[in-house]
Amino acid sequence: MPTRADSLKAQLPRASEITIGVTGRKSGRTISNPVWFVSDGDKLYLLPVRGSDTEWYKNVLKNPAIRVEAAGAKAELRAVPSTDAKEVASVVEKFRKKYGASNVKKYYSKLDVAVVAQVS
């Protein structure tokens with residue numbers, strides 16, 4: 001029987017943007033944001049547009065549970081933040097490949113962190 005994660009995983013290759021829901025670290029309320037992403041196998045890679053200054057990233061540091069939606073498919077995942085320079089560079093390269101180096105340069109002002117979530 002397919003799980004919610006299976007449904008989400010099936011939609012990711014067709015999507016250029018997903019919506020993530022995080023819990024506000026101060027308000028405790030769910031905050032939704034449209035974001036770019038890269039999926040690779042069972043992994044979902046996220047790159048905060050303002051790096052470690054991005055509000056949704058700060059929220060994930062306090063509560064790593066995220067809700068992800070793509071084309072109506074939804075799943076709850078656990079976000080794993082990374083500040084490892086090699087891992088962040090690898091995620092940045094994946095984003096450049098998917099969205100184009102010029103778009104990543106245009107929209108992403110600080111490339112010091114990345115987030116990985118397991119979709120399974």
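The values are calculated or read from the model by the stated rules, or taken from the named source; none is laboratory data. All values reported here derive from a predicted model rather than from experimental measurement. When we count neighbours, we look across all protein chains shown, and the Cβ atoms used for this are built from the backbone with ideal geometry, even at glycine. What goes into the accessible areas is simple: the full protein's heavy atoms, side chains included, and nothing from ligands, DNA or RNA. Shrake-Rupley method; radii C 1.70, N 1.55, O 1.52, S 1.80 Å.
Numerical summary
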| item | result |
| --- | --- |
| Residue-span extension gain [SER52 to GLU93] - 0.36 nm each, minus C-alpha spacing | 13.0 nm |
| Label point distance in nm, GLN118-LYS86, each placed 7 Å from Cα along Cα→Cβ | 2.1 nm |
| Dipole in debye (nearest 20) - the chain, about Cα centre, beta carbon charges: Lys, Arg +1; Asp, Glu -1 | 240 debye |
| Within the chain, helix-based [θ] at 222 nm, where runs of 4 or more DSSP H residues each add -39,500 (n - 2.57), nearest 500 | -9000 deg cm²/dmol |
| Accessible-area composition of the chain, carbon plus sulfur, in percent [1.4 Å probe] | 49 percent |
| Positive-end residue, the chain charge dipole about Cα centroid, Cβ charges, pick of ALA79, GLY24, TRP36 | GLY24 |
| Solvent-accessible ranking of THR23, THR54, THR30, largest area first, probe 1.4 Å | THR30, THR23, THR54 |
| 27 Å Cα-Cα threshold exceeded, pairs from LYS26/LYS74; LYS26/LYS105; LYS26/LYS106; LYS62/LYS98; LYS26/LYS86; LYS43/LYS105 | LYS26/LYS105; LYS26/LYS106; LYS62/LYS98; LYS26/LYS86 |
